[in-house]
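First up is the structure itself, then whatever we jot down about it.
The values are calculated or read from the model by the stated rules, or taken from the named source; none is laboratory data. The structure displayed is predicted, hence computed values, not measured ones. Counting neighbours? That spans all protein chains shown, and the Cβs are built from the backbone with ideal geometry, glycine included. SASA here: full protein model, heavy atoms, side chains in, ligands and nucleic acids out. Shrake-Rupley method; radii C 1.70, N 1.55, O 1.52, S 1.80 Å.
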Amino acid sequence: MSRAVWAAGAAGALFGMGLALSGMTDARRVLGFLDITGDFDPTLMWVLGSALLVSVVGQRWVLRRVQPRFSLHFQLPAARGVDARLLLGAALFGVGWGWAGYCPGPAIAGLAVASREALWFVPAMLAGFWLHDRFVR
């Protein structure tokens, strides 16, 4: 197995541990964040803020390198604009997130702790990925 695959696996494991440690594998906590008029839980706001801070600092530090450590070149997005497809995708993501309390990262991490919600959400998410690849591309 290549070093890049090992690095990706280690990064994914670290991400999953962070989600579990912060309680983000619990859909009720995420839904509590979205319930601003009821039982509001600000935990997700602190997790997102911390992640943004680490990402901004880390990306600036990493992009100073000539090339990534485990790849030949950086793979940065080419698109810079906002279009209808992006807005529709973001809206669908938001509706799904608000409905289920999960997005892909916490759902996969939720499988590791045998979350009942993740056990039905992940197959539905994978079906959505398949439908997208089958009909949109």
Sort out which residues of the range 91-108 are among the small types (Gly, Ala, Ser), closer than 15 Å to Arg28 by Cα and in a helix (DSSP H, G or I), and write them in order of number.
Gly96, Gly98, Ala100, Ala107
All but one of (1) at pLDDT 90 or above; (2) surrounded by 11 or more Cβ atoms within 10 Å (Cβ to Cβ); (3) under 13 Å from the mean Cα position of the chain (by Cα) hold for Met24; state the number of the condition that does not hold.
(1)
Tally of residues being of a type in the set (D, E, K, R) and in a helix (DSSP H, G or I) across the range 11-62:
3
Is there a residue in the range 33-42 that is out of contact with any Lys or Arg (no Cβ under 8 Å at 6 or more places or on another chain), more than 26 Å from Tyr102 (Cα to Cα) and modelled with pLDDT of 90 or more?
no
Qualifying residues in the range 62-87 (those that are more than 18 Å from Trp6 (Cβ to Cβ) and of a type in the set (Val, Ile, Thr)) - the one least open to solvent (accessible area, probe 1.4 Å):
Val82
In the range 55-91, the residues that are within 15 Å of the chain's Cα centre (by Cα) and either over 22 Å from Cys103 (Cα atoms) or of a type in the set (A, V, I, L, M, F, W, C) (or both):
Ala90
